[in-house]
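Here's the structure, in C-alpha cells; my notes come after.
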Amino acid sequence: MDFPRLQFAFFAAVLLIFHFIFLDLQMLVNWLLISATALCFFWQLWWVLPYTPIWPKEVMTSKVIDPNRQLSIITSNVLKTNHKSDALINIVTEYRPDILVTLESDKWWENKLKVLEADMPYSVKCPLDNLYGMHVYSRLPISEEKISYLVEEDVPSIHLSLELRTGNKVHMHFVHPAPPSPTENPESTERDAELITIARSVAETEQPVIVTGDLNDVAWSVTTRLFRKVSGLLDPRVGRGLFNTFHVDFPFLRWPLDHLFHSSHFNVKNIQRLPSIGSDHFPLYTVLVYDPVEGANQEGLQANGQDHIQAKRVSEKKDVSKKDVPKLNG
C-alpha cells in the first residue's frame, strides 16, 4: 500500500471538495468526517511531497561545465516481450550516455544492441529469459565486473568499478529485485533483502558509489527510505520531481520504480524521464558531475540505531546477512 499514496491523496482531495459542497456544515458529525478525510489527505501527501519542486533539493544542481567530470546514465527496463529495439537505440544515439543499463533484456535484445558496442566497447552481459536479464554498456573503462545472485538464484545484479575521465573510480551496482506480486513473490521479503544487503555493503566504503536499476519499489516507501538511511546515498529526485517511469500505458497509475542513488561525491546536472521505447517503463536519464568538494555539503536521510536493527532483521529473513556484495577496490 506504499505505492498508491499519490492516488489516495488525490481521491481524498476530491472527497474534501464534495464534503464542503454537499454536507450540512452545521452538523458536528460532518465536521468529524471532514477532519478524518483531511487527515488522510495530509498524511498521504506528507510521503510524496519531498518529490515535488516545492521541497528543498537533496542534491545540489551542478554549475560545473567541465565535460570530463560528467557521468551520464540511461536506466531502461526494456520489457522482454518488447521488440522495438530501434527506439532505444535511437535514444542512445541522441543522448550518448556514458552508461546504458538494460533490464529484462534477453539474448534477442543482446543481439540487437550489438550495434552500440562500437561506441560503448565495455560491457557486462547477463541475458536471461525470466524477465531478469541485465546488460551494461559503457563508453568508459570498467573493471572488477561481477554478476551476483544475492537473494534469489535466478535474479542477478551487476557490480563493477568504473573509471571516470578524471581517472577517479566509481563503484557501480545495477539491480532489479523481484517485486511483491501474485506471479512473483507473495511478500516483499526478497526485494527488501536485496536492497538492504546492498545498502549495508555500500555504507562501508568512502569511495564514490552509484546504485541504479528497477527497484520495483516507490521512492517514498519504508524500504526505499531504509535503503537510503543505511546506505547514506542521496536521491537526486528529492526537490525536483517524481519522474514516474511505470506504467507507460496508465498515466493515473504511474510510479517512480526506476531509481538512481549516489554518494555525496556527485552533484546533478540533469535528470529526466525519456520518451517511451515500447516498454511498460520509460527510460530514466541522469547526468551527474563528480564534485566531491562541493558535494560534501550534501546530506540525505540519517539512520538511527533502530534503522540498523531493522536492516539486520530484513537481511536475516532471507539468510543473506552473511552474503557480501562484491568488494570493489577501485
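The values are calculated or read from the model by the stated rules, or taken from the named source; none is laboratory data. What you see is a predicted model; the values in this text were computed from it and never measured. For neighbour counting, all protein chains shown are included, and Cβ atoms are generated from backbone atoms with ideal geometry for every residue, glycine included. Heads up: the accessible areas ignore ligands, DNA and RNA and are worked out on the full protein's heavy atoms, side chains in. Shrake-Rupley method; radii C 1.70, N 1.55, O 1.52, S 1.80 Å.
Residues in segment 295-316 that are outside any loop (DSSP other than H, G, I, E, B) and among the aliphatic types (A, V, I, L, M) were compared, and the one that is least open to solvent (accessible area, probe 1.4 Å) is ALA311. Under the condition of being part of a strand (DSSP E or B) and polar (S, T, N, Q), the residues counted in segment 190-217 number 1.
Here SER76 fulfils each of the conditions (1) of a type in the set (Ser, Thr, Tyr); (2) closer than 30 Å to THR223 by Cβ; (3) out of contact with any Pro (no Cβ under 8 Å at 6 or more places or on another chain) apart from (3).
Looking across segment 112-127, the residues that are open to solvent by 40 Å² or more (accessible area, probe 1.4 Å) and either basic (Lys, Arg) or in contact with a Lys or Arg (Cβ under 9 Å, 6 or more places away or on another chain) (or both) come down to LYS112, LYS114, ASP119, PRO121, TYR122, LYS125, PRO127.
Taken across segment 33-56, residues that are hydroxyl-bearing (Ser, Thr, Tyr), part of a loop (DSSP other than H, G, I, E, B) and over 21 Å from PHE246 (Cβ atoms) do not occur at all.
When the criteria are applied in full, ALA12 meets the requirement of being in contact with a Cys (Cβ under 6 Å, 6 or more places away or on another chain) and either free of Cβ contacts under 8 Å to residues at least 40 places away in the same chain or buried (at least 18 other Cβ atoms within 10 Å of the Cβ) (or both). In segment 220-253, the qualifying residues are those that are open to solvent by 40 Å² or more (accessible area, probe 1.4 Å) and touching a strand residue (DSSP E or B) at 6+ places or on another chain (Cβ under 8 Å), and the one that is nearest to THR61 (Cα to Cα) is ARG240. You will find that of LEU131, LEU103, LEU160, the residue that is within 19 Å of the chain's Cα centre (by Cα) and open to solvent by 60 Å² or more (accessible area, probe 1.4 Å) is LEU131 and no other. Of SER72, SER123, SER105, all but one fail to be hydroxyl-bearing (Ser, Thr, Tyr), part of a strand (DSSP E or B) and without any contact (Cβ under 8 Å) to a residue 40 or more places away in the chain; the exception is SER123. The residue that is farthest from LYS114 (Cα to Cα), counting only those in segment 134-157 that are open to solvent by less than 30 Å² (accessible area, probe 1.4 Å) and touching a helix residue (DSSP H, G or I) at 6+ places or on another chain (Cβ under 8 Å), is VAL151. Scan segment 50-86 residue by residue and report those that are surrounded by fewer than 16 Cβ atoms within 10 Å (Cβ to Cβ) and farther than 27 Å from HIS171 by Cβ. Residues satisfying the conditions are THR52, PRO53, ILE54, TRP55, PRO56, THR81, HIS83, LYS84, ASP86.
Does ASN82 satisfy the condition of being farther than 28 Å from LEU233 by Cα and either part of a helix (DSSP H, G or I) or not polar (S, T, N, Q) (or both)? No, not satisfied.
Checking PRO256, PRO156, PRO236 one by one, the residue that is at pLDDT 95 or above and under 17 Å from VAL124 (Cβ atoms) is PRO156 and no other.
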